[in-house]
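Just below is one structure, and these are the notes that go with it.
The values are calculated or read from the model by the stated rules, or taken from the named source; none is laboratory data. These figures come from a predicted structure and were not determined experimentally. Ideal geometry is used to build each Cβ from the backbone, glycine not excepted, and the neighbour counts take in all protein chains shown.
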Amino acid sequence: MKNSNKLWQGLSDAKLDPAADKFNASIKIDKKLWSEDITASIAHVMMLEKTNILDTKDAQCIVGELEKIYTDLEKGNLIIDESFEDIHSFIEAVLSKRLPDQGAMLHTGRSRNDQTITDLRLYTKKAIKNIQTKIKHLACTIVTKAEECIEYIMPGYTHLQRAQPILFSHHLLAYYEMLMRDYERLNDLLKRVLVLPLGSAALAGTSYPIDRDYTASILGFLQISNNSIDAVSDRDFVIETISACAIIMTHLSRFSEELIVWASLEFNFIKFSNAFSTGSSIMPQKKNPDIAELTRGKTGRVYGDLMAILTIMKGLPLAYNKDMQEDKEVLFDSIDTVVDCLTVFAPMLETVKPNSEAMLKAANDGFINATDCADYLTSKKGLPFRMAYSIVGQIVKYCIENKLTLETLSLEKYRTFSLLFDESVYKSIDMNNCLNMRTSFGGTAKTEVIKQISRAKKEIELLK
Ligand code: ARG
């Protein structure tokens, strides 16, 4: 099939310089859009038939051939020829070759400007649904893990300093919340993805009596675009999708960082399974958390994609400019990266083995019940909190100097700091008690975390 005639070669028959031709082409990237391109073309032709712009015989002939092209590409009977400028030119050329009389009618009332962006919107819809399925799966994995480990107590941190005792499950469920926001964010932006630009033609609309609502209904768009100039030059949905991907990656990256730190011997809170960690070529004792590290690392790519698309768009005059061809590479990269990361993250987490003893030891070692000791003086004994805080500060200092803990300090000694202390202090500083007292909504008490788990399970069920 000869491809020397560009779709746009109306004005001159001078050939593009080979280097410029290669530079101008986008087929290596946009070939991913082949199925969306055919689907949108079929809808376009059905609309042209409905509005009597094409007669039924021609329209049916084109639709039938487009369906054959679809099957041929799907089955590998037709190979995409990458010497074409883009996927749209290629598919139209195949059609015209197979249907010399009707092929040329396909492009009636449309332009590549509204065609490409329609395809990209369809692709984005599919990608969003796929990402959402993966998010849902990871969310389930987190909730299952939280349920399995409901008894595990660990130190909660601020400034990476041991702060207060929490349930490991409570910590995990924090990531569940992030993922649910990610899911919702994608749902929300889907409304803006599903606005049909087709029918805007090059930028000014068309004089053919087209029915854009009909095309939208065939393709599952919720709305048609209001302004043809905006429709062909708008890439907000690309920016929004990459931005949503970037936020997902932020969450996965923070989670990765924690898993990596927890897997170090210094923490020893978790062990990765052999299936999701690698060994070192020279240090036999090592188990490297490569999967989590790569997830953290790939976050950088997606942030880069976001910066790229924002920068590509920032100075462009209306309407279409070729700069916009660069939108697809960054969008595809972000989508692929997020999908890849979510795909490995769920089974990696599922096979992580938490070490409840190490967690509990860390929780017992760090005076993380000091706040509860101060709360005891305040709530049980009526001492203003600042004074209680100062007394407990002195007690902690004494314990550190004498290698004691709040649990092992004698009552006699407590009373040298304040006569308000009595036997009941030990109950107040008991780790389980400290934790289970935090019954405020969303808090770390086991009763609350159990509620969070059952709430999460219901929410996952309801995801659409
Ligand atoms: N491959 C191009 C893109 O993705 C198609 C649009 C071409 N339109 C044009 N006026 N040259 O942006």
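Summary of computed values
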quantity	calculated
Residue check for residue 328: among the basic types (Lys, Arg), within 16 Å of the ligand (Cβ to nearest atom) and loosely packed, with under 12 Cβ neighbours inside 10 Å	no
Those residues of the stretch 126-166 which are assigned to a helix (DSSP H, G or I), touching a residue at least 12 places away in the same chain (Cβ under 8 Å) and of a type in the set (Ser, Thr, Tyr), in sequence order	141, 144
Enumeration of residues in the stretch 222-236 that are of a type in the set (A, V, I, L, M) and either crowded, with 20+ Cβ neighbours inside 10 Å or closer than 19 Å to residue 122 by Cβ (or both)	222, 224, 231, 232
Residue match in the stretch 8-28 (condition: of a type outside the set (A, V, I, L, M, F, W, C), surrounded by fewer than 12 Cβ atoms within 10 Å (Cβ to Cβ) and on the phi > 0 side of the Ramachandran plot)	no
Criterion: within 16 Å of the ligand (Cβ to nearest atom) and crowded, with 18+ Cβ neighbours inside 10 Å - qualifying residue of 152, 176, 123	123
So residue 83, is it over 32 Å from the mean Cα position of the chain (by Cα) and within 16 Å of the ligand (Cβ to nearest atom)	yes
Of all residues in the stretch 310-325 being buried (at least 16 other Cβ atoms within 10 Å of the Cβ) and not hydrophobic (A, V, I, L, M, F, W, C), the one that is farthest from the ligand (Cβ to nearest atom)	320
Total residues in the stretch 65-95, condition hydrophobic (A, V, I, L, M, F, W, C), in contact (Cβ under 8 Å) with a residue 12 or more places away in the chain and not in a helix (DSSP H, G or I)	3
Residue within the stretch 86-93 that is of a type in the set (Gly, Ala, Ser) and crowded, with 20+ Cβ neighbours inside 10 Å present	yes
Considering residues of the stretch 433-450 that are in a helix (DSSP H, G or I) and buried (at least 17 other Cβ atoms within 10 Å of the Cβ) only, the residue farthest from the chain's Cα centre (by Cα)	434
Flag for residue 41 being surrounded by 16 or more Cβ atoms within 10 Å (Cβ to Cβ), under 22 Å from residue 220 (Cα atoms) and away from the ligand (no atom under 13 Å from the Cβ)	yes
Sole exception among (1) more than 16 Å from the ligand (Cβ to nearest atom); (2) outside any strand (DSSP E or B); (3) surrounded by fewer than 22 Cβ atoms within 10 Å (Cβ to Cβ) for residue 170, by number	(3)
Residue in the stretch 97-118 that is away from the ligand (no atom under 16 Å from the Cβ), within 30 Å of the chain's Cα centre (by Cα) and not hydrophobic (A, V, I, L, M, F, W, C) present	no
Extreme residue, surrounded by the fewest Cβ atoms within 10 Å (Cβ to Cβ), among residues of the stretch 406-432 that are in contact (Cβ under 8 Å) with a residue 24 or more places away in the chain and in a helix (DSSP H, G or I)	432
Pick from the stretch 1-20, criterion within 13 Å of the ligand (Cβ to nearest atom) and at pLDDT 70 or above, ranking: nearest to the chain's Cα centre (by Cα)	6
Whichever residue in the stretch 331-367 is of a type in the set (Gly, Ala, Ser) and within 17 Å of the chain's Cα centre (by Cα) and, among such residues, is nearest to the ligand (Cβ to nearest atom)	334
